[in-house]
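Working notes, beginning with the structure itself.
Coordinate-derived values only; no laboratory data. A quick note: this is a predicted structure, and the numbers were derived from the prediction, not measured. We place every Cβ from the backbone using ideal geometry, glycine too, and count neighbours over all the protein chains shown.
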Amino acid sequence: MHLLLRKQDAGIFIGSVLWLLLSCGFSFGVESDINCLKSIKASLEDTLGYLNSSWDFNNNTEGFICNFLGVECWHPHESKVLNIKLSDMGLKGQFPRGVENCTSLTGLDLSGNMLSGPLPHDIDKILTWVTSLDLSSNSFTGQIPLQLSNCSYLIVLKLDNNKFSGTIPPELGQLSKIYTFSVANNQLSGQVPNFNNPSITVDSYANNPGLCGKPLEVCGSPAKKSSIVKVLNSNNVAIAAAAGFGFGFPFSFCFFLPRAPSVRYLVVFARRFKS
């Protein structure tokens with residue numbers, strides 16, 4: 001009997017500890033997500049007033065942030081952010097690093113705004129669990145971070161209609177779950193990543209004249225070489241024309257000279273032409 005009571009006490013103790021740990025973890029998660037949204041709001045210029053009118057942090061009721069415009073939670077009554085969708089809201093600024101405090105975030109859509117500057121190099125640490133990232137139709141610059149290849153859960157990656165330059169990191173081809181990918185309308189060059197996905201087509205790379213590789217033209221393909229050949233051929237024509245002029249001019253000159261002194265003039269002209 002005494003042993004049974006000890007086992008019950010141990011069970012109660014373990015249960016209490018687990019409950020305490022879960023409660024602390026939940027409280028930390030909720031507070032972290034609230035700070036995440038506060039940071040986003042503080043770091044962006046809200047030119048159209050969408051965030052100022054909707055994101056009110058004076059409300060302390062459970063799950064209040066789940067009613068914010070563009071915020072989706074895992075559960076309506078728990079302040080754990082699932083997705084942030086802030087497209088076409090006239091937002092200005094750089095990529096909001098505070099997103100990293102939304103520790104359970106799976107989707108981020110900032111498309112159609114006026115965001116600028118480079119993407120953070122540690123973006124993989126900021127968007128650890130994200131499956132969908134849409135940053136299209138902004139003014140982001142610089143290179144596409146290599147670290148995006150570490151965001152292994154990505155299914156959707158849209159970076160089109162920005163001002164990205166340089167090459168596309170070939171490591172992005174290692175994103176095994178990727179289904180939608182677009183970098184169209186940027187200033188990119190070099191070989192594209194090797195995605196083993198037929199859904200990624202030529203349209204994914206449109207209006208980046210410097211790109212090559214499957215599904216685009218093969219890098220160093222005859223189509224690209226032909227333009228070089230045309231230039232060389234045009235140069236050869238110019239050289240041939242110049243040579244023809246050089247050799248033909250003396251004979252044409254002799255043709256129009258009077259018949260009698262033709263030999264004397266020819267010798268003099270030949271000596272001068274040689275010198």
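Checking D88 against (1) closer than 25 Å to F164 by Cα; (2) in a loop (DSSP other than H, G, I, E, B); (3) in contact with a strand residue (DSSP E or B) (Cβ under 9 Å, 6 or more places away or on another chain): exactly one of these is not met. Which one?
That leaves (3) as the condition not met.
Looking only at the stretch 115-168, which residues are in a loop (DSSP other than H, G, I, E, B) and among the small types (G, A, S)?
Our first condition is that a residue be in a loop (DSSP other than H, G, I, E, B); within the stretch 115-168, this holds for 118-122, 127-131, 135-138, 143-145, 151-155, 159-162, 167-168.
Passing the criteria: S136, S137, S152.
Could you list, ordered by first residue, the pairs with Cβ atoms under 6 Å in which the first is in the stretch 53-75 and outside any helix (DSSP H, G or I) and the second is among the polar types (S, T, N, Q), at least 6 apart or interchain?
G63/S79; F68/S54; L69/S54; E72/N83
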